[in-house]
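This report refers to the structure that appears directly beneath it.
The values are calculated or read from the model by the stated rules, or taken from the named source; none is laboratory data. Since the model is a prediction, treat every value here as computed from it, not as a measurement. Positions of Cβ are generated from backbone atoms using ideal geometry, with glycine treated the same way; all protein chains shown enter the neighbour counts.
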Amino acid sequence: MMFIIHWKNLDTGQRGVGTKQFGQAEAAAVCRELNTDYPHIEHVAVEANGATPEFRADREQQPTFTPGTFIPLSDTDAMPFGEHAGKMMRHVPSNYLDWLDGQHWLQKQWPALADYVRRSRKSINQDLERSDRE
């Protein structure tokens, strides 16, 4: 079973997801190290199947996860992977989001991203139509 690191900035509330996968023990060790080095950012290891982290104030406890659920992405969250990784979601090109929406693996591997694309569909379509006219 592989894990990725989710993080939350405790000052701004911004959240993000790492792209590197770790074994469970290594992911837990990386989180402990990052939480020590960056106390204003909470890091948790999440099974790389789209499970949702539950951030806790007590870093000594292991977080629990609810498979099949996720933290919805907002316009100010970072794109979690790909050529636009790290960009705020509102700055990811609509044609890229449209392409992602057509990928069979999106819903299973990145449910929060699939949900964001669905919620943004009207805006994506308007941007694509505007681009076609130009």
(request) All but one of (1) more than 23 Å from residue 111 (Cα to Cα); (2) modelled with pLDDT under 70 hold for residue 29, so report the exception by its number. (result) (2)
(message) I'm checking my understanding of the structure. Among residues of the range 1-23 that are without any contact (Cβ under 8 Å) to a residue 24 or more places away in the chain and surrounded by 13 or more Cβ atoms within 10 Å (Cβ to Cβ), which one is nearest to residue 110 (Cα to Cα)?
(response) 18
(request) Inspect the range 78-91 for any residue being modelled with pLDDT of 70 or more, under 19 Å from residue 13 (Cβ atoms), under 12 Å from the mean Cα position of the chain (by Cα) and exposed (fewer than 13 other Cβ atoms within 10 Å of the Cβ) and give the result as yes or no. (result) yes
(request) Tell me which of these residue 42 doesn't satisfy, since it passes every other one: (1) modelled with pLDDT under 80; (2) in contact with a Phe, Trp or Tyr (Cβ under 6 Å, 6 or more places away or on another chain); (3) acidic (Asp, Glu). (result) (1)
(request) Filter the range 92-104 down to residues that are under 15 Å from the mean Cα position of the chain (by Cα) and part of a loop (DSSP other than H, G, I, E, B), then give me how many there are. (result) 1
